[in-house]
Amino acid sequence: MRRIDIPSSVDERPLPANIERWIEEARQRIEVFQDRWDRPQMEQFVAADYRHVYQSLDWTLSTQPILGKRFVEWGCGFAVVSAMAATLSLDVIGIEAEADLLAHGRQTVTLCDVDVELVHGNFLPPGAERLAADPTLPSIGHPVACAYGQLGMDLDDFAMVYAYPWPGEDDFHEAVFNRYAAVGALLLLFCGPNDIRLWRKTS
């Protein structure tokens, strides 16, 4: 894979007013969700820097060749990134294994009035778990069906993948993408504050 450098000036890109509003509304809903202590850790949710993600996604679509319009978010949670991506003329699918989070994602899609398909399932293609060096990674072992089978699609049908990997999972996400995505597809990873990585599969 080839790393594509996103310029540091990307955070100067303006956000549309509706995106700013969606981000603030989502922040408030996520805070309420996180204040609940009656759920196990795997059902908790950590929000990305949605402003930075939108700016990076907008920059990518404005400057980089892209195979098509199909966009998938791995572990979409509240589906904020999926909703924002839908405003950028992408055909968006969000995949989430946790039913409670998916319900919040559906609420986001409804509130934002965007065309996004959300799927309850595992974002890992069949056999992808064997690429993990650590079998205890949070993305492994979800007792839900593979999302691609439900969709009648494969990972290589998508032009772009977005994910926010748990700490220590970025190498695994990159390996899965490199093994199963189409040549020329893009992977956008939010890995923490001021750390967004863009990759293109080259072979």
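The values are calculated or read from the model by the stated rules, or taken from the named source; none is laboratory data. Just so we're clear, the structure is a prediction, and the values are computed from it rather than from any experiment. Note that we place each Cβ from the backbone using ideal geometry, even for glycine, and neighbour counts take in every protein chain shown. Remember, those area values only see protein heavy atoms, side chains included, never the ligands or the DNA or RNA. Shrake-Rupley method; radii C 1.70, N 1.55, O 1.52, S 1.80 Å.
Side notes on the structure shown:
- Of the residues L137, L198, L189, the single one that is surrounded by 14 or more Cβ atoms within 10 Å (Cβ to Cβ) and over 19 Å from L57 (Cβ atoms) is L137.
- Contact map, the range 53-74: first residue closer than 20 Å to V176 by Cα and open to solvent by 50 Å² or more (accessible area, probe 1.4 Å), second residue of a type outside the set (A, V, I, L, M, F, W, C) and not in a strand (DSSP E or B), Cβ cut-off under 9 Å, separation 6 or more or different chains; pairs are I66/T60; I66/G184; L67/G184; R70/D157.
- Every condition in (1) within 25 Å of G184 (Cα to Cα); (2) exposed (fewer than 14 other Cβ atoms within 10 Å of the Cβ); (3) in contact (Cβ under 8 Å) with a residue 12 or more places away in the chain holds for P125 except the one numbered (2).
- Taking each residue of the range 167-179 that is part of a loop (DSSP other than H, G, I, E, B) and looking for partners that are among the hydrophobic types (A, V, I, L, M, F, W, C) with beta-carbon atoms closer than 9 Å, six or more apart or interchain, yields P167/C191; G168/L137; E169/A132; E169/L137; E169/A163.
- If you go through the range 7-33 and keep only what is without any contact (Cβ under 8 Å) to a residue 40 or more places away in the chain and either assigned to a loop (DSSP other than H, G, I, E, B) or within 19 Å of the chain's Cα centre (by Cα) (or both), you end up with P14, E20, E24, R27.
- Yes/no for G94 being touching a strand residue (DSSP E or B) at 6+ places or on another chain (Cβ under 7 Å), more than 21 Å from L15 (Cα to Cα) and open to solvent by less than 60 Å² (accessible area, probe 1.4 Å): yes
- Of all residues in the range 119-152, exactly one satisfies the criterion of being more than 22 Å from D171 (Cβ to Cβ), within 17 Å of the chain's Cα centre (by Cα) and assigned to a loop (DSSP other than H, G, I, E, B), namely G121.
- Inside the range 1-50, residues that are open to solvent by 40 Å² or more (accessible area, probe 1.4 Å), β-branched (V, I, T) and at pLDDT 95 or above make up a count of 0.
- Failed item, numbered, when A103 is tested on (1) assigned to a helix (DSSP H, G or I); (2) more than 18 Å from W22 (Cα to Cα): (2)
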